[in-house]
Amino acid sequence: MSDDTPSSILHRVFGYEHFRGHQATVIQHILTGGDALVLMPTGGGKSICYQIPSLLRKGVGVVVSPLIALMQDQVDALLQLGIRAAFLNSTQDSAQTRAIVQQLRQNTLDLLYVAPERLNNPRFLDFLETLPLALFAIDEAHCVSQWGHDFRPDYARLSILHERFPSIPRIALTATADMPTRREIISRLGLENAHVFVTGFDRPNIRYHIIQKQSPARKQLLTFLNTEHRGDAGIVYCLSRKKVEETAEFLTVNGRTALPYHAGLSHDIRQHHQNRFLREEGIIIVATIAFGMGIDKPNVRFVAHLDLPKSLEAYYQETGRAGRDGLPANAWLAYGLEDVILLRKLLNSSEADEQHKRLEQQKLEALLGYCETTNCRRQVLLAYFGDELAEPCGNCDACLEPAATYDGLQIAQKALSCIYRTGQRFGVNYLIEVLQGKSIERILQNGHHHLTTYGIGADLNTDQWRSVFRQLVAGGFAGVDIEGHGGLFLTEKARPLLRGEISIRLRKDTPRAPTDKKLTRT
Ligand code: ADP
Ligand code: ZN
């Protein structure tokens with residue numbers, strides 16, 4: 001195959017016209033002997049990035065894959081294309097294994113898929129050293145992450161590849177692209193010199209919007225569904241089972257077919273609801289995060305969150321279930337002060353070790369940053385994954401209806417000094433009542449009507465103050481007491497603000513998302 005090029009193989013062997021995203025660059029990089037970390041969403045076309053170099057380079061390409069069940073399928077598909085592929089895993093008997101070893105010795109394989117534990121077997125490594133090797137591909141590389149769901153101890157030991165085979169290029173691939181996971185992959189696999197390629201995370205047909213939660217937020221949800229999604233299928237995510245049940249019932253009473261889905265329901269009921277969602281038109285599933293994995297319904301027109309997702313990755317995955325057919329779809333999130341307080345409290349009370357806590361903290365800041373941003377949401381979201389979007393997208397709330405901001409220094413100072421003067425132990429509702437100068441018993445008992453901050457915020461209504469406090473807590477100027485009362489205290493970050501050494505712009509919240517710019521379907 002000496003005259004072959006990546007393009008000719010793409011056409012002749014795979015039957016595709018063009019490379020997608022960074023495929024061509026990644027392949028070129030591997031061909032010249034470089035290491036790579038490739039981040040692409042599922043279905044983005046990662047496999048070709050190591051398959052084509054394996055065909056072009058001398059020797060066999062060794063692919064580490066954690067999913068034994070998928071190896072067979074992948075190998076079958078490659079054989080169909082005329083590629084000489086095989087796998088080695090624990091499901092085979094010794095005759096099968098011997099046959100493959102024989103093929104390897106004769107140098108008649110292009111690709112060999114192996115389970116990670118195989119590469120921690122010294123005898124197998126010795127054997128590999130006797131063979132010409134094209135490359136190592138480490139698929140599902142996020143399995144090295146101790147904090148992830150898919151942690152595989154055998155993955156963590158794969159740095160051995162670099163030590164034993166320093167001249168063989170390695171390519172790690174994953175769809176999990178957040179920075180902490182990425183850093184962990186790089187350090188655990190010894191990929192410090194690898195080139196990082198990120199593409200394909202944008203879902204341009206999904207319109208992102210976030211509205212300020214009013215209680216109960218399900219009324220806002222209903223308004224949104226009635227104006228934009230009459231008769232459409234979609235998913236509504238809530239944090240608790242109880243809220244799932246209540247919301248499903250509320251939507252049903254209001255004329256929609258809404259079915260609950262959570263881990264407290266029997267397997268049969270869950271299956272039944274899922275099947276109806278897949279087969280019938282216009283079904284709404286109200287679910288905890290237990291719903292959605294492996295669900296492939298192309299015409300989900302909206303994904304709504306009544307509570308904050310766990311992280312930006314979770315948000316990206318959950319909203320990503322909308323609009324798989326490429327037609328316009330909405331990702332709608334109701335977000336409010338209580339969410340911020342809850343998450344800050346959870347983080348503070350976390351019993352994880354320091355390193356893990358720092359990671360949780362980073363993830364939370366990223367999520368809150370996304371919710372509070374006045375810049376293009378898609379740019380913020382993609383930047384989190386390291387996938388750049390050069391221009392504002394024009395298809396998110398921030399682009400369609402830019403949020404007004406105002407100089408918030410004085411107001412922030414009032415809020416923060418009220419926290420300070422009342423002793424850094426009261427919750428937001430109380431603080432707002434002091435600021436507004438309410439003469440309620442609790443305030444009088446505490447003598448807080450004598451404070452200089454008493455009544456200095458009477459010009460703002462409660463919603464406006466809640467918006468200010470939310471932004472201050474989200475921005476990390478105030479922390480939340482973990483003892484359960486939700487008392488606010490000042491953080492280091494509050495000082496320069498109180499002293500007026502920095503400025504702060506606050507967002508003017510509007511209770512409703514832009515509804516005049518409906519999705520247009522062409
Ligand atoms: P991933 O591993 O990233 O989930 P795959 O490598 O399985 O994705 O590719 C997803 C699908 O896209 C496969 O059907 C694959 O054949 C197809 N595909 C990959 N690259 C191209 C391309 N350049 N042109 C057309 N189809 C492609
Ligand atoms: Zn935008």
Length added when fully stretched, SER266-SER7, from 0.36 nm per residue minus Cα-Cα:
88.1 nm
Once fully extended, how much extra length lies between ASN121 and LEU409, figured as 0.36 nm per residue of separation less the alpha-carbon to alpha-carbon distance?
97.5 nm
In whole percent, what relative contact order does the stretch 100-179 give with Cα contacts below 8 Å and a gap of six or more residues?
33 percent
Quick check on my link table: of LYS310/LYS508; LYS219/LYS493; LYS219/LYS242; LYS363/LYS414; LYS219/LYS508, which ones sit more than 27 Å apart, alpha carbon to alpha carbon?
LYS219/LYS493; LYS363/LYS414
I want to check the label-to-label distance for THR223 and GLN80. Put each point 7 Å from Cα in the C-beta direction and report it in nm to one decimal.
5.0 nm
Just the C-alpha atoms of the stretch 103-171: what Rg/Rh do they give, with Rh taken as the Kirkwood radius?
0.98
Ranked list, fewest to most other Cβ atoms within 10 Å of each Cβ, for TYR316, TYR50
TYR316, TYR50
Okay, which of the stretch 189-215 sit inside 19 Å, backbone N to the point 7 Å along the Cα-Cβ direction of ASN299?
205-207
Measure off 7 Å from each Cα along the Cα-to-Cβ vector at LEU498 and ASN348, then give the distance between these two points in nanometres to one decimal.
1.5 nm
The stretch 107-264, relative contact order [Cα under 8 Å, separation at least 6], %
16 percent
So for each of 91-100, 384-393 I average, over its residues, the number of other beta carbons within 10 Å; can you give me the resulting order with the highest mean first?
384-393, 91-100
Report the charge-dipole magnitude of the chain in Debye, nearest 20, computed about the Cα centre from +1 at each Lys and Arg Cβ and -1 at each Asp and Glu Cβ.
720 debye
Using the number of other C-beta atoms within 10 angstrom as an exposure proxy, rank MET71, MET179, MET293, MET40 with the fewest first.
MET293, MET179, MET71, MET40
Going by the alpha-carbon gyration tensor, a ≥ b ≥ c the square roots of its eigenvalues, is the stretch 29-158 rounded (a/c under 1.5) or, if a/c is not under 1.5, prolate (a/b greater than b/c) versus oblate?
rounded
Treating the beta-carbon of each Lys and Arg as +1 and of each Asp and Glu as -1, no other charges, what is the dipole magnitude of the stretch 1-105 about its Cα centre, to the nearest 20 debye?
200 debye
Mean shadow area (nm²) of the C-alpha convex hull around the chain is 28.6 nm²
Can you tell me how much longer the chain between ARG230 and LEU389 gets when fully stretched, taken as 0.36 nm per residue apart minus their C-alpha distance, in nm with one decimal?
54.0 nm
Rounded to the nearest 500, the 222 nm mean residue ellipticity computed for the chain from DSSP H runs (n ≥ 4, each -39500 (n - 2.57)) alone is -11500 deg cm²/dmol
Descending semi-axes in Å of the stretch 115-259, equivalent ellipsoid built from Cα gyration tensor:
49, 16, 13
With each label point set 7 Å from Cα along the Cα-Cβ vector, what nm distance links GLU245 and LYS508?
4.4 nm
Which whole-number percentage describes the relative contact order of the chain, with Cα contacts under 8 Å and a sequence gap of 6 or more?
13 percent
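Just so you know, all these numbers are worked out from the coordinates, no wet-lab data involved. Model, not experiment: these values are computed from the prediction. For neighbour counting, all protein chains shown are included, and Cβ atoms are generated from backbone atoms with ideal geometry for every residue, glycine included.
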